[in-house]
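Accompanying notes for the structure given below.
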Amino acid sequence: MDIRFEKREVLKDKPDQKNLGFGKYMTDYMFVMDWEKDKGWTDARIVPHEPISMEPSSVVLHYAQETFEGLKAYRTKSGKIQLFRPDMNAERMIRSNDRLCMPPFPVDMFIEAIKALVKVEEDWVPSEPGTSLYIRPFMFASESALGVHMANAYKFMIVCCPVGAYYPEGINPIKILVEDELVRAVQGGTGFTKCGGNYAASILGQVKAEKMGCTQVLWLDGVHRKYVEEVGTMNIMFKIGGEIITAPIDSGTVLAGVTRDSMLHILKDWGYTVREERLSIDDLMKAGHDGSLEEVFGTGTAAVVSPVGELVYKEDTVTVNNFQIGELTQKLYDYLTGIQWGNVEDKYGWMMEV
Ligand SMILES: *Cc1c(COP(=O)(O)O)cnc(C)c1O
């Protein structure tokens, strides 16, 4: 792939690495490529990160034909920069695009584009403990036309931002509201894709959760509102009676998280029984009350692991592990972040040097 480079006149000032937050500071450059029906993908370019102009009748603004991904670049102690399983993100984006009738962006081009952009933005990859460069590839229908249809023009872009430790004070347990009214996904829908529309529809649940003093929503299945599926931007795992249970992804209603897949590999290697099975909310609350529910944690790229300290479902509340981070949750966090920052041997071959 030939990538054109357009230099910026003046580079931005870099933010204080101790105060990065999440998604606040965009880097100097972005990657852009166009797709047209007769031409395919053309004009790969790395250009200054700045506002783009769009036709108000662009298909994405009306019918939300948009998909995205999220991954990180990590700086190791020796100064190397590495990506975590970027091929998984590339493949997932192809599955998302397929469902939304958007053209695939090939895996090799996806990885090449990310590597090229991260190389240009090398100095933006932070080195403070717990920090990384968050990478956001996304694609949208840019054709100007009203009328619901498969668009004949798309844009693929990548933007980056340095991010801090998701939880600056370390990983602390969160409170979660089990949503018993609104639903996120149904079989046959778009639940397995990372498409903007899924998140637009989830914000009301998030607002409701926050009003009740919770940080996140735990979604139940869309048909029976009975089986536990996932959290807003994380998959969720339960340790019950020594075994790990998490929702299966073959229903098409749960996002196939890269972190989820990695955790399942590690847990199996550590000798845990891992069950990818449906778990009803009633059984979960029961396990919470009878003491067999030992640990609960969310998994996702942003926070890696997020311990859950409390589950609120209707009138019932369950406290998990006395609102303390569980032993296994902490061990998983330390091990996986150890691999990502290059402090633990990468025995699975998950890291890719930039
Ligand atoms: C992104 C996301 C996840 C986590 O996926 P990772 O690849 O581990 O970051 C889980 N659930 C939803 C709904 C998501 O959007």
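The values are calculated or read from the model by the stated rules, or taken from the named source; none is laboratory data. Here the structure is a predicted model, which is why all the values come from computation and not from measurement. Cβ sites come from the backbone with ideal geometry, for glycine too, and all protein chains shown count toward neighbours. Please note that ligands, DNA and RNA were not included when accessible areas were found on the heavy atoms of the full protein model with its side chains. Shrake-Rupley method; radii C 1.70, N 1.55, O 1.52, S 1.80 Å.
Restricting the first member to region 258-276 and to residues that are under 15 Å from THR329 (Cβ atoms) and open to solvent by 50 Å² or more (accessible area, probe 1.4 Å), and the second to residues that are of a type outside the set (D, E, K, R) and modelled with pLDDT of 95 or more, the beta-carbon pairs closer than 6 Å and six or more apart or on different chains are TYR272/ILE244.
For region 170-179, what are the residues that are crowded, with 18+ Cβ neighbours inside 10 Å and free of Cβ contacts under 8 Å to residues at least 60 places away in the same chain?
GLU179
Are any residues in region 38-66 in a loop (DSSP other than H, G, I, E, B), away from the ligand (no atom under 16 Å from the Cβ) and open to solvent by less than 50 Å² (accessible area, probe 1.4 Å), and if so, which ones? Scanning region 38-66 gives HIS49, SER57, GLN65. Assessment of region 214-234 against the conditions (under 20 Å from ASN89 (Cβ atoms), of a type outside the set (D, E, K, R) and in contact with a Pro (Cβ under 9 Å, 6 or more places away or on another chain)) yields no matching residue. Considered as a group, the residues in region 247-264 that are more than 9 Å from the ligand (Cβ to nearest atom), under 17 Å from the mean Cα position of the chain (by Cα) and not hydrophobic (A, V, I, L, M, F, W, C) include one that is farthest from GLY205 (Cα to Cα), and that residue is GLY252. Give the residue that is nearest to CYS195 (Cα to Cα), with candidates limited to residues of region 232-243 that are surrounded by 22 or more Cβ atoms within 10 Å (Cβ to Cβ) and more than 8 Å from the ligand (Cβ to nearest atom). Step by step, filter region 232-243, then rank; the result is ILE236.
Name the residue, out of GLY349, GLY288, GLY326, GLY338, that is within 24 Å of the chain's Cα centre (by Cα) and under 30 Å from GLY205 (Cβ atoms).
On inspection, the qualifying residue turns out to be GLY326.
Starting from residues that are over 14 Å from ARG45 (Cα atoms) and aromatic (Phe, Trp, Tyr), keep the ones in region 82-121 and report whichever is nearest to the ligand (Cβ to nearest atom). By that ranking, first place goes to PHE84.
Count of region 194-223 residues, restricted to those that are more than 16 Å from the ligand (Cβ to nearest atom), hydrophobic (A, V, I, L, M, F, W, C) and open to solvent by 50 Å² or more (accessible area, probe 1.4 Å), is 3. Residues in region 281-304 that are at pLDDT 95 or above and under 27 Å from VAL258 (Cβ atoms): ILE281, LEU284, LEU293, GLU294, GLU295, VAL296, PHE297, GLY298, THR299, GLY300, THR301.
On inspection, ASN172 passes the criterion of being over 19 Å from ILE249 (Cα atoms), out of contact with any strand residue (DSSP E or B) (no Cβ under 7 Å at 6 or more places or on another chain) and either assigned to a strand (DSSP E or B) or of a type in the set (S, T, N, Q) (or both). Against the definition (crowded, with 17+ Cβ neighbours inside 10 Å, among the charged types (D, E, K, R) and either within 30 Å of SER144 (Cβ to Cβ) or modelled with pLDDT under 95 (or both)), how does GLU69 come out, yes or no? Yes: the conditions hold for GLU69.
Can you name the condition, by its number, that GLY191 falls short on among (1) within 12 Å of the ligand (Cβ to nearest atom); (2) at positive phi? Just one mismatch for GLY191, condition (2).
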